[in-house]
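Trainee: Could you have a look at this structure, given as structure tokens, before my questions?
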Amino acid sequence: MIPRVSEPAKSRAAWRVRGLSDRTIAWLFIAPTITLLLAINIFPLVWMIRLSFTNLNLSMSYLPLRFVGLDNFIDILTDEEVWIRLQTTAQFVICSVALQVVIGFGLALLINRQFRGHSFWTTIILLPMMLSPAVVGNFWTLLLQPQIGPFNSLISLFTGVPPSSFSMTGQVALAPWTIVLVDTWMWAPYVMLICLAGLRSIPDYIYEAAEVDRASPWRQFWSITLPMAVPFLMLAVLFRAIENFKMFDMVNLLTSGGPGSTTELVSITLKRAAFEKWRTGYSSALAIILFVTVFGAANIYVKALNKVKQR
Amino acid sequence: MSDSAAAKAGLSRWFRRGPWENGAMILIGGGIFMLVQPWSIDLYSYSFITILVGTIGFMIVSHFPE
């Protein structure tokens with residue numbers, strides 16, 4: 001039975017709803033989200049900007065907080081250690097993104113053909129991408145363990161080198177390639193997905209026309225497939241470069257920046273400055289430098305994305 | 001054509017989004033290259049200001065008319 005509402009109460013409620021404009025109702029709905037965003041994104045960012053101009057050191061928090069102007073930024077931008085860490089990061093980004101693009105594009109070309117078990121293999125290839133970087137870091141640490149890890153045994157099977165005679169994460173010559181290998185294993189499927197979207201957007205009639213003109217498959221690849229997939233490849237390169245520039249969790253679990261500082265990416269330098277040396281002002285300034293760099297690169301990424309959308 | 005309309009047309013010819021956005025992107029890209037290049041610490045020192053100018057510039061010029 002429908003409960004009866006008295007006429008005056010009904011009209012009061014209706015007036016209350018009618019009294020709010022559409023704009024007010026919209027604001028009421030988005031206010032909790034905006035409040036949450038302000039609290040967890042904007043406020044820490046503003047606070048970090050403030051701290052970057054101070055001498056705050058949490059291991060000596062009894063010292064008075066002093067405004068030091070641009071000193072932290074000048075320290076970072078004249079520090080050769082940070083400069084070398086940024087170069088290490090750039091080397092990691094270039095090697096891993098190049099490998100991911102080559103492997104991802106190759107996989108996309110394979111998956112783009114129809115064959116038996118097509119969906120099964122697509123799912124298998126996409127699995128690493130769906131894992132958390134922390135999980136990937138942990139299980140690759142086990143896989144690469146010199147004594148019990150299967151990776152060293154496999155290499156030993158092919159080369160005859162004793163498995164415990166080398167350590168993929170502990171040797172200066174091997175550790176940088178190890179993080180590149182694991183990152184490529186995890187993210188090449190993502191590049192494959194983007195390339196696959198690009199390959200599927202190429203209309204069939206272009207290939208049909210090329211076949212009428214007796215263009216060889218090789219010629220079709222260089223004149224049709226590759227030029228039409230380039231915007232998608234650029235998108236993948238930009239996205240992966242931004243993500244790898246910020247890479248922390250997986251590398252921290254695999255090598256913690258070692259041996260020595262061979263694989264110390266700038267994000268690990270930032271963590272060490274903030275939570276091992278407790279130089280909060282300095283690390284805030286470094287975080288801002290990285291933030292502005294990533295934000296600038298993200299602008300280019302969004303512009304490239306819009307260009308791809310307009311195609 | 002009135003003076004104000006001519007001035008407006010002149011302004012819109014100069015402040016078109018495309019070339020300015022490209023300029024800002026070149027600044028950002030150049031700044032990132034300066035940040036990670038291994039040859040000159042002077043270039044490294046001026047990298048952040050270059051990226052910052054490029055990024056703020058990009059945010060401004062992306063509001064210019066097409």
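Trainee: Along Cα→Cβ, 7 Å out, is where each label goes; now give me the distance between the ones at A:Glu211 and A:Ala26 in nm to one decimal.
Mentor: 5.1 nm
Trainee: With +1 on the Cβ of every Lys and Arg and -1 on the Cβ of every Asp and Glu, and nothing else charged, how large is the dipole of segment A:164-311 about its Cα centre, in debye rounded to the nearest 20?
Mentor: Roughly 440 debye, rounded to the nearest 20.
Trainee: Now for a different question. How far is it, in nm, from the label point at A:Val46 to the one at A:Phe295 when both lie 7 Å from their Cα along the line to the Cβ?
Mentor: 1.4 nm
Trainee: While we're here: Measure off 7 Å from each Cα along the Cα-to-Cβ vector at A:Ser119 and A:Leu36, then give the distance between these two points in nanometres to one decimal.
Mentor: Computed distance between label sites A:Ser119 and A:Leu36 equals 3.4 nm.
Trainee: Further question on the same structure: Suppose every Lys and Arg Cβ carries +1 and every Asp and Glu Cβ carries -1, with no other charges. What dipole size does the protein assembly as shown come out with about its Cα centre, to the nearest 20 debye?
Mentor: For the protein assembly as shown, the charge dipole is close to 1400 debye.
Trainee: Given the -39500 (n - 2.57) contribution per DSSP H run of 4+ residues, what per-residue ellipticity at 222 nm results for the protein assembly as shown, rounded to the nearest 500 deg cm²/dmol?
Mentor: Roughly -23000 deg cm²/dmol at 222 nm, from the helical runs in the protein assembly as shown.
Trainee: With a 10 Å Cβ neighbour count serving as the proxy for reagent exposure, in which order, fewest first, do A:His118, B:His63 appear?
Mentor: Arranged by neighbour count, lowest to highest, A:His118, B:His63 become B:His63, A:His118.
Trainee: Next question. For segment A:247-300, restrict the atom set to alpha-carbon positions and state the Rg and Dmax in Å.
Mentor: In Å, with Rg to one decimal and Dmax whole: 12.1, 35.
Trainee: Please identify the trypsin sites (Lys or Arg not before Pro) of segment A:68-150 that satisfy two criteria: DSSP loop assignment and at most 14 other Cβ atoms within 10 Å. Which are they?
Mentor: Qualifying residues, ordered by number: A:Arg113, A:Arg116.
Trainee: Suppose R0 equals 45 Å. What FRET efficiency, 1/(1 + (r/R0)^6) with r the Cβ-Cβ distance, do B:Arg16 and A:Trp278 give to the nearest 0.05?
Mentor: Working from the Cβ atoms, E equals 0.35.
Trainee: Quick check: the distance between the Cα centres of segment A:52-72 and segment A:232-311, to the nearest angstrom?
Mentor: Result: 25 Å between the Cα centres.
Trainee: Could you calculate, for the protein assembly as shown, the ratio of the Cα radius of gyration to the Kirkwood radius, expressed as Rg to Rh?
Mentor: In the protein assembly as shown, Rg relative to Rh is 1.07.
Trainee: Here is a follow-up. Could you tell me the convex hull volume per residue, in Å³, taken over the Cα atoms of segment B:16-61?
Mentor: 47 Å³
No lab work stands behind these numbers, since they all come straight from the coordinates. In this text the structure is predicted, and so the values were computed from the model without any measurement. In this analysis, Cβ positions are derived from the backbone assuming ideal geometry, glycine residues included, and neighbour counts consider all displayed protein chains.
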